[in-house]
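Novice: Have a look at this one.
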Amino acid sequence: MTVRLRAHHLLCMLTYVGKGYSPAFVENYEVIAARLSAGEGIELVAGPDDICGPLTADPGAHCHGASVIERDRAAADAVARLIGSPLPPGARITPSAALIARLRKTFATGEIRTACSGCEWSGLCDSVADGGYLGVRVES
């Protein structure tokens, strides 16, 4: 199987520590984090993905908003520059230990965080990265 992720979730998965929008969201994300930790492949998608699942029933959910679509574009551009390969919807990525480590290193320096501007979770992500990624659920 493959985990379907929108591009900005490539960044979110780096600092996910079990916090989220609702208990259902967290429960779902825990399952996805375990799948990613086990090395399950990633397919990039446009719009709501496997992580968004518990939120998509609400038509006003932010996962449908223009700001999130822009966040996806910025994240795809940043990660594509880092790995040297375009990341359009449909692209497939293997979340290897080396890739996760490289993403986390550049996330901590801010190099790939342009998509995080204005995100309500940015402060938590700063703390997780500054703390050496202790407690993250996606293991490398």
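Each reported figure results from applying straightforward, stated rules to the coordinates on display, with no laboratory input. Given the structure is predicted, the values throughout are model-derived calculations rather than measurements. Every residue, glycine as well, gets a Cβ built from its backbone with ideal geometry; the counts of neighbours run over all protein chains shown.
Novice: Could you work out the helix-only [θ] at 222 nm for the chain, with each DSSP H run of four or more residues adding -39,500 (n - 2.57) and the total divided by the number of residues, to the nearest 500 deg cm²/dmol? Walk me through the numbers before you get to the answer.
Specialist: Numbers: 5 runs with 62 residues, N = 140.
Result for the chain, helices only: -14000 deg cm²/dmol.
Novice: Counting other beta carbons within 10 Å of each Cβ, put Thr106, Thr15, Thr2 in order, fewest first.
Specialist: Working: Thr106 17, Thr15 25, Thr2 12.
Sorted ascending by nearby Cβ count, the order is Thr2, Thr106, Thr15.
Novice: Ranked by Cβ crowding within 10 angstrom, fewest neighbours first, how are Leu44, Leu124, Leu99 ordered? Can you show the working numbers first?
Specialist: Working: Leu44 22, Leu124 14, Leu99 17.
Final ranking by Cβ density, sparse to dense: Leu124, Leu99, Leu44.
Novice: Which entry in [x] 21; [y] 13; [z] 48 is this structure's computed percent of Cα pairs over 26 Å apart?
Specialist: [y]
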